[in-house]
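Participant: Here it is, the structure, as structure tokens.
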Amino acid sequence: MNNLQGKKAILYRRVSTTDQKLNGHSLSTQNNNLREFARNNGMNVVREYMEDFSAKNFNRPEFKRMEEYVKNNKGKVDYILITNWDRFSRNIGDGLNVIYSMKALGVEINCTESWIDYNDPSHVLILSVYLAGPEVENKIKSQK
């Protein structure tokens with residue numbers, strides 16, 4: 001993990017009602033984990049966004065507000081932190097598109113529980129696995 005001291009971060013947390021109840025990914029648990037990670041790594045939290053919305057796509061009100069903030073404040077955000085990749089996206093294609101569009105704005109999306117080293121060429125494979133798992137899980141659930 002790179003030196004994160006002094007980096008500016010947005011904390012993003014998301015639940016779906018079912019997931020919150022069944023898997024313990026509550027907004028408060030995510031909040032505590034994200035804040036602790038930022039504090040332990042000397043990061044400055046510039047904004048926080050939370051929502052109760054599906055991650056099947058990025059048509060989420062708070063995510064859109066966060067994207068707008070990043071675009072309007074270029075250079076003022078280094079990271080968007082999430083606790084788990086399934087909190088970010090359950091669609092591998094959309095997830096990768098958003099990650100690389102944010103990267104083009106100078107913002108890295110990363111996960112406190114499964115950190116990605118974007119300087120390692122194998123990050124594409126690792127990130128794809130992390131993003132594919134939740135998509136497959138959703139497809140299996142929809143078949144039941």
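Participant: Can you tell me which of Pro121, Pro61 is open to solvent by less than 70 Å² (accessible area, probe 1.4 Å), of a type outside the set (Gly, Ala, Ser) and free of Cβ contacts under 8 Å to residues at least 12 places away in the same chain?
Facilitator: So the residue among Pro121, Pro61 that is open to solvent by less than 70 Å² (accessible area, probe 1.4 Å), of a type outside the set (Gly, Ala, Ser) and free of Cβ contacts under 8 Å to residues at least 12 places away in the same chain is Pro61.
Participant: Given the criterion under 20 Å from Ala9 (Cα atoms), touching a Phe, Trp or Tyr at 6+ places or on another chain (Cβ under 7 Å) and free of Cβ contacts under 8 Å to residues at least 40 places away in the same chain, identify the matching residue among Glu108, Glu68, Glu48.
Facilitator: None of the others qualify; the one that does is Glu108.
Participant: Among the residues of the stretch 118-135, are any modelled with pLDDT of 90 or more, more than 23 Å from Leu27 (Cα to Cα), within 13 Å of the chain's Cα centre (by Cα) and of a type in the set (A, V, I, L, M, F, W, C)?
Facilitator: yes
Participant: Condition (residue is modelled with pLDDT of 90 or more, out of contact with any strand residue (DSSP E or B) (no Cβ under 6 Å at 6 or more places or on another chain) and either crowded, with 19+ Cβ neighbours inside 10 Å or of a type in the set (Asp, Glu) (or both)) applied to the stretch 44-58: is it met by at least one residue?
Facilitator: The answer is no; no qualifying residue exists.
Participant: Looking at the stretch 22-37, is at least one residue open to solvent by 80 Å² or more (accessible area, probe 1.4 Å) and among the aliphatic types (A, V, I, L, M)?
Facilitator: So far as the stretch 22-37 goes, yes, one or more of its residues are open to solvent by 80 Å² or more (accessible area, probe 1.4 Å) and among the aliphatic types (A, V, I, L, M).
Participant: Exactly one condition in (1) closer than 23 Å to Leu4 by Cβ; (2) crowded, with 16+ Cβ neighbours inside 10 Å; (3) of a type in the set (D, E, K, R) is not met by Asp94; state its number.
Facilitator: (1)
Participant: Next up: Just checking: which of the strands (runs of 3 or more DSSP E) contained wholly in the stretch 25-144 hold 2 or more residues that are charged (D, E, K, R)?
Facilitator: Of the strands (runs of 3 or more DSSP E) lying wholly inside the stretch 25-144, those with at least 2 residues that are charged (D, E, K, R) span 44-52.
Participant: Exactly one condition in (1) of a type outside the set (D, E, K, R); (2) more than 20 Å from Asn41 (Cβ to Cβ); (3) crowded, with 19+ Cβ neighbours inside 10 Å is not met by Val136; state its number.
Facilitator: Of (1) of a type outside the set (D, E, K, R); (2) more than 20 Å from Asn41 (Cβ to Cβ); (3) crowded, with 19+ Cβ neighbours inside 10 Å, only one is false for Val136: (3).
The values are calculated or read from the model by the stated rules, or taken from the named source; none is laboratory data. Note that the structure is a prediction, hence the values are computed from the model and not measured. All Cβ positions, glycine included, derive from the backbone under ideal geometry; neighbour counts span all protein chains shown. When the accessible area is computed, the model is the full protein with side chains, heavy atoms only, and any ligands, DNA or RNA have been set aside. Shrake-Rupley method; radii C 1.70, N 1.55, O 1.52, S 1.80 Å.
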